[in-house]
Amino acid sequence: MAARLPAILSSLLLGACSTLGIRSGTEEPRFETVERIGAVEIRRYAPRIAAETEVPGAEDAARNEGFRRLAGYIFGGNARRDRIAMTAPVAQAPGERIAMTAPVAQSGDAGGWRIRFFMPARHTLETLPVPDDPRVTLAVVPEEIVAVLRFSGLPRSEAVAQNAAALTTALEASAWVPAGPVQAWFYDPPWTVPALRRNEVAVPVARR
């Protein structure tokens with residue numbers, strides 16, 4: 001028990017930190033800040049690898065289902081039973097058009113959502129294990145420039161939509177134009193105090 005005490009204390013400390021929105025030890029993709037436009041930050045990201053899955057249905061429910069699938073992969077649901085470090089953010093964006101089946105089709109939503117976990121930078125496609133779940137795939141996200149607007153609170157679909165609209169409006173008078181769909185990025189676990197959560201909406205951009 002004495003030998004395990006430091007590990008137990010460390011886990012308790014990390015849990016307390018995450019409750020308060022302190023993301024100690026959680027890797028994030030590196031980026032370069034290109035410009036700031038008020039509360040909007042223009043960032044350049046290098047290529048990075050993501051585990052991703054496409055989920056049909058409503059936005060919030062699709063995010064939860066996608067998270068479960070991807071968490072299964074990094075927590076050992078793969079060909080080598082490897083555990084892969086959790087990183088931030090979890091990304092959600094409109095996905096490909098997905099064929100729907102009942103009863104979900106009754107919602108009238110014929111689209112889907114792409115949920116992504118970004119892999120630790122030390123990995124390559126060759127070093128990552130193959131997912132057990134065929135709905136989970138590995139992909140290289142190419143270098144991109146994105147406009148990002150940060151917000152706190154519960155990351156419900158209504159909050160995402162409101163901040164996505166604010167981001168689009170902020171870009172209208174700038175030197176940047178959206179070049180793809182708006183994504184939502186979530187950095188904190190569900191137990192983090194809502195007012196201290198870090199959420200972001202992001203959209204690929206190009207110069208006018």
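ARG63 - would you say it is in a helix (DSSP H, G or I) and either within 30 Å of VAL177 (Cβ to Cβ) or at pLDDT 95 or above (or both)?
Values: in a helix (DSSP H, G or I): yes; either within 30 Å of VAL177 (Cβ to Cβ) or at pLDDT 95 or above (or both): yes.
Against the criterion (in a helix (DSSP H, G or I) and either within 30 Å of VAL177 (Cβ to Cβ) or at pLDDT 95 or above (or both)), ARG63 qualifies.
When residues of the stretch 143-156 are filtered for being outside any strand (DSSP E or B) and modelled with pLDDT of 95 or more, how many remain? Full working, then the answer.
Of the residues in the stretch 143-156, the ones outside any strand (DSSP E or B) are 143, 152-156.
Narrowing the set further to residues that are modelled with pLDDT of 95 or more leaves 143, 152-153.
Residues meeting the conditions: 3.
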**Request:** Select from the stretch 172-188 the residues that are assigned to a loop (DSSP other than H, G, I, E, B) and surrounded by fewer than 16 Cβ atoms within 10 Å (Cβ to Cβ) and list them in ascending order.
**Result:** ALA173, ALA175, ALA179, GLY180, PRO181
**Prompt:** Quick check, is PRO134 modelled with pLDDT under 95 and in a loop (DSSP other than H, G, I, E, B)?
**Reply:** no
**Item:** Condition met for VAL140 (surrounded by 15 or more Cβ atoms within 10 Å (Cβ to Cβ), hydrophobic (A, V, I, L, M, F, W, C) and at pLDDT 95 or above)
**Value:** no
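Checking the structure you have, find out if any residue of the stretch 20-28 is surrounded by 13 or more Cβ atoms within 10 Å (Cβ to Cβ), among the aliphatic types (A, V, I, L, M) and either at pLDDT 95 or above or not in a loop (DSSP other than H, G, I, E, B) (or both). Write out each step before concluding.
Initial filter on the stretch 20-28 (surrounded by 13 or more Cβ atoms within 10 Å (Cβ to Cβ)): 21-23, 26-28.
Right, trim to among the aliphatic types (A, V, I, L, M) and you get 22.
Still in the running and either at pLDDT 95 or above or not in a loop (DSSP other than H, G, I, E, B) (or both): none.
No - not one qualifying residue is present in the stretch 20-28.
Kindly provide the set of residues from the stretch 152-161 that are closer than 17 Å to ALA93 by Cβ and either among the aliphatic types (A, V, I, L, M) or surrounded by fewer than 19 Cβ atoms within 10 Å (Cβ to Cβ) (or both), ordered by number. If you could, list the steps in order and put the result at the bottom.
Taking the stretch 152-161 first, the residues closer than 17 Å to ALA93 by Cβ are 155-157, 159-161.
If the condition is that a residue be closer than 17 Å to ALA93 by Cβ and either among the aliphatic types (A, V, I, L, M) or surrounded by fewer than 19 Cβ atoms within 10 Å (Cβ to Cβ) (or both), then ARG156, SER157, ALA159, VAL160, ALA161 are the ones that fit.
The values are calculated or read from the model by the stated rules, or taken from the named source; none is laboratory data. Bear in mind the structure is a predicted one, so any value in this text is a computation, not a measurement. Counting neighbours? That spans all protein chains shown, and the Cβs are built from the backbone with ideal geometry, glycine included.
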